[in-house]
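K.L.:
Take this structure first; my questions come after.
The values are calculated or read from the model by the stated rules, or taken from the named source; none is laboratory data. From a predicted model like this one, the values you see are computed outputs, not experimental measurements. Using ideal geometry, Cβ is built from the backbone for each residue, glycine included, and neighbour counts are taken over all protein chains shown.
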Amino acid sequence: MKAFVYRGVNLKALEDRPKPEIQAPGDAIVKILKTTICGTDLHILKGDVATCAPGRILGHEGVGIVDAVGAGVTAFKVGDHVLVSCISSCGKCEYCRRSMYSHCTTGGWILGNEIDGTQAEYVRTPHADTSLYPIPPDADEEALVMLSDILPTGFECGVLNGKISPGSTVAIVGSGPIGLAALLTAQFYSPAEIIAIDVDDNRLGLAREFGATQAINSSDGKAVDAVKTMTEGRGVDTAIEAVGIPATFELCEKIIAPGGTLANIGVHGKKVDLHLEWLWSQNIAITTRLVDTVSTPMLMKTVQSKKLDPTRLITHHFTLAKILDAYDTFARAAETKALKVIIEVA
Ligand SMILES: NC(=O)c1ccc[n+]([C@@H]2O[C@H](COP(=O)([O-])OP(=O)(O)OC[C@H]3O[C@@H](n4cnc5c(N)ncnc54)[C@H](O)[C@@H]3O)[C@@H](O)[C@H]2O)c1
Ligand SMILES: [Zn+2]
Ligand SMILES: [Zn+2]
């Protein structure tokens with residue numbers, strides 16, 4: 001089969017690989033129909049993800065058809081259409097029993113990281129019963145690709161952890177796919193104001209289209225003043241960090257109102273200062289989270305009922321044969337205006 005392989009820092013290739021086989025009774029083999037590229041895949045290619053070794057097939061998102069199941073799989077059969085979650089969960093370990101699938105002792109984020117992933121014609125998915133999700137027959141499968149990772153991430157790490165409530169004020173720092181996923185799902189809770197902050201005017205324009213009530217380009221260094229002006233000097237009840245660099249986390253620390261919540265989503269590679277000299281008296285909470293994908297079934301219902309339209313995040317389409325072009329387009333998002341690129345596999 002054809003597969004996209006991480007070959008070492010800044011090295012990548014579309015290669016012929018053997019079709020994966022069942023290795024454990026809980027495994028399924030899924031024939032991939034559509035997959036996509038995540039910002040995290042770009043981090044892997046830069047060598048930022050130590051757990052992902054050269055030779056790994058990348059990808060942790062996608063939809064497909066069950067091609068084979070292990071003897072222990074009872075929830076799925078050959079031919080079923082499934083959504084592959086970016087998080088594999090056994091459903092039985094201490095963390096899974098606490099709905100913290102991201103920390104499953106035999107799963108978590110392993111696909112396209114510690115084991116071969118979805119940017120290929122077939123993928124082996126461990127713990128299939130509890131890591132695949134059935135796709136309703138009339139569903140838009142392309143839309144559901146956005147439910148493997150980015151929508152649960154924006155919703156769980158940003159919206160739920162950020163305790164967004166009706167009438168509250170929210171700032172989302174970063175209008176990439178994750179920040180926009182948080183923006184779309186924040187609206188389930190009817191906040192009064194959602195302020196989008198980014199340095200890219202195209203993305204800020206999209207944020208406005210997606211429901212942001214205000215947009216701030218922070219490249220002039222005056223975003224804190226702008227947020228304070230918009231909020232009568234108070235700051236925001238929820239500040240969502242969806243970039244993953246010190247400057248944006250510190251911005252969130254400066255715009256959080258007394259009693260507010262700073263919900264971090266970004267993956268941070270560098271240390272960030274925690275300014276307790278400002279924050280100790282502010283009654284705030286800071287949360288961090290690796291996406292658990294516990295909200296996937298709920299999000300699937302909101303897509304089916306048309307309360308949520310994830311297709312708005314899809315900007316480009318490529319075939320698997322052109323996946324190197326897809327990576328190039330995705331990596332140059334500021335020029336290409338790419339958000340999520342769909343890779344058509346079959
Ligand atoms: N916690 C989790 O489980 C989880 C899961 C998936 C992704 N992530 C992380 O979420 C973050 C966002 O992911 P993404 O795919 O949307 O990334 P992205 O790179 O596509 O988007 C980041 C956005 O931040 C903007 N930006 C860059 N520097 C900025 C600055 N100084 N001020 C304001 N905006 C700035 C960029 O213009 C871009 O629009 C990444 O760090 C990613 O690794 C976390
Ligand atoms: Zn991802
Ligand atoms: Zn587990």
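K.L.:
Working carefully through the options Gly162, Gly112, find the one that is over 15 Å from the mean Cα position of the chain (by Cα) and either away from ligand 1 (no atom under 16 Å from the Cβ) or surrounded by 20 or more Cβ atoms within 10 Å (Cβ to Cβ) (or both).
P.N.:
Gly162
K.L.:
Ok, one more. Does Val78 fit the bill of being at pLDDT 95 or above, away from ligand 2 (no atom under 16 Å from the Cβ), in contact with a strand residue (DSSP E or B) (Cβ under 8 Å, 6 or more places away or on another chain) and part of a loop (DSSP other than H, G, I, E, B)?
P.N.:
For Val78, the condition - at pLDDT 95 or above, away from ligand 2 (no atom under 16 Å from the Cβ), in contact with a strand residue (DSSP E or B) (Cβ under 8 Å, 6 or more places away or on another chain) and part of a loop (DSSP other than H, G, I, E, B) - is met.
K.L.:
Can I ask one more? Check the range 275-291 and report whether any residue there is assigned to a loop (DSSP other than H, G, I, E, B) and within 16 Å of ligand 3 (Cβ to nearest atom).
P.N.:
Yes, the conditions are met somewhere in the range 275-291.
K.L.:
Can you pull out every residue in the range 11-43 that is over 23 Å from the mean Cα position of the chain (by Cα) and of a type in the set (S, T, N, Q)?
P.N.:
Within the range 11-43, just Gln23 meets the criteria.
K.L.:
Sort through Ala242, Ala196 and tell me the only one that's within 24 Å of Leu313 (Cα to Cα), within 16 Å of ligand 2 (Cβ to nearest atom) and modelled with pLDDT of 95 or more.
P.N.:
Ala242
K.L.:
Go through (1) aliphatic (A, V, I, L, M); (2) part of a helix (DSSP H, G or I); (3) in contact (Cβ under 8 Å) with a residue 40 or more places away in the chain and name the single condition Ala346 misses.
P.N.:
(2)
K.L.:
Mind listing whichever residues of the range 34-53 are more than 16 Å from ligand 1 (Cβ to nearest atom) and surrounded by 20 or more Cβ atoms within 10 Å (Cβ to Cβ)?
P.N.:
The one that is more than 16 Å from ligand 1 (Cβ to nearest atom) and surrounded by 20 or more Cβ atoms within 10 Å (Cβ to Cβ): Lys34.
Residue by residue, here is whether (1) of a type in the set (Lys, Arg); (2) over 16 Å from Thr36 (Cβ atoms); (3) away from ligand 1 (no atom under 13 Å from the Cβ); (4) assigned to a loop (DSSP other than H, G, I, E, B) holds:
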{"residue": "Thr105", "(1), (2), (3), (4)": "no, yes, yes, yes"}
{"residue": "Val123", "(1), (2), (3), (4)": "no, no, yes, no"}
{"residue": "Ala171", "(1), (2), (3), (4)": "no, yes, no, no"}
{"residue": "Ala181", "(1), (2), (3), (4)": "no, no, no, no"}
{"residue": "Thr185", "(1), (2), (3), (4)": "no, yes, yes, no"}
{"residue": "Ile195", "(1), (2), (3), (4)": "no, yes, no, no"}
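K.L.:
Among the residues in the range 237-254, are any among the acidic types (Asp, Glu), more than 16 Å from ligand 3 (Cβ to nearest atom), within 16 Å of Ala181 (Cα to Cα) and crowded, with 16+ Cβ neighbours inside 10 Å?
P.N.:
Within the range 237-254, one or more residues are among the acidic types (Asp, Glu), more than 16 Å from ligand 3 (Cβ to nearest atom), within 16 Å of Ala181 (Cα to Cα) and crowded, with 16+ Cβ neighbours inside 10 Å.
K.L.:
Just give me the residues in the range 308-330 being over 21 Å from Leu147 (Cβ atoms) and surrounded by fewer than 17 Cβ atoms within 10 Å (Cβ to Cβ), in sequence order.
P.N.:
The answer is Thr319, Ala321, Lys322, Leu324, Asp325, Asp328.
K.L.:
Can you find a residue that is within 16 Å of ligand 2 (Cβ to nearest atom) and in contact with a Ser or Thr (Cβ under 6 Å, 6 or more places away or on another chain) anywhere in the range 221-233?
P.N.:
no
K.L.:
So is Gly8 under 25 Å from the mean Cα position of the chain (by Cα), more than 16 Å from ligand 3 (Cβ to nearest atom) and not charged (D, E, K, R) or not?
P.N.:
yes
K.L.:
If you take the residues in the range 248-263 that are under 18 Å from Leu290 (Cβ atoms) and not aromatic (Phe, Trp, Tyr), which one is farthest from the chain's Cα centre (by Cα)?
P.N.:
Thr261
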